[in-house]
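The values are calculated or read from the model by the stated rules, or taken from the named source; none is laboratory data. Keep in mind that this is a model prediction, so the values were computed, not measured. So basically every Cβ, Gly included, is an ideal-geometry build from the backbone, and we count neighbours across all protein chains shown. Heavy atoms of the whole protein, side chains included, go into the accessibility calculation; ligands, DNA and RNA do not. Shrake-Rupley method; radii C 1.70, N 1.55, O 1.52, S 1.80 Å.
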Amino acid sequence: FAAAYPTNIPLAITFSSDGVLYIGTDSPDGLVIVEPDKSYSVPYKSYNASFGTGLGIFAWGSADNLYCSTSNGILLKFMIRGKTSAPYYGSTL
């Protein structure tokens, strides 16, 4: 993370069931998606005005919805098509 974003901090992380890592950051890119081969993308960069000064606290909903709170207290819903949460101990999803 530090190589791509040397002045920013990861604020939240979660994984999808296929091993993709989602990182909420305090960078203008907001959500960084890291594939298992270590390549990364920032597909929601055009929505950076909604991210405030950072994205934190991820929670998977049912199906393919990833919820996130912003530093401004706004709740965002990302539709991550075809992906679900990685299994977590105690989760019934």
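Okay, here's what the table says:
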| item | result |
| --- | --- |
| Flag for ILE13 being in a strand (DSSP E or B), aliphatic (A, V, I, L, M), at pLDDT 90 or above and open to solvent by less than 20 Å² (accessible area, probe 1.4 Å) | no |
| Check on LEU21, aliphatic (A, V, I, L, M) and open to solvent by less than 80 Å² (accessible area, probe 1.4 Å) | yes |
| Every pair of residues 6+ apart whose Cβ atoms lie under 7 Å, when the first sits in the range 67-81 and is free of Cβ contacts under 8 Å to residues at least 24 places away in the same chain while the second is open to solvent by 30 Å² or more (accessible area, probe 1.4 Å) and charged (D, E, K, R) | TYR67/LYS77; MET79/ASP64; ARG81/ASP64 |
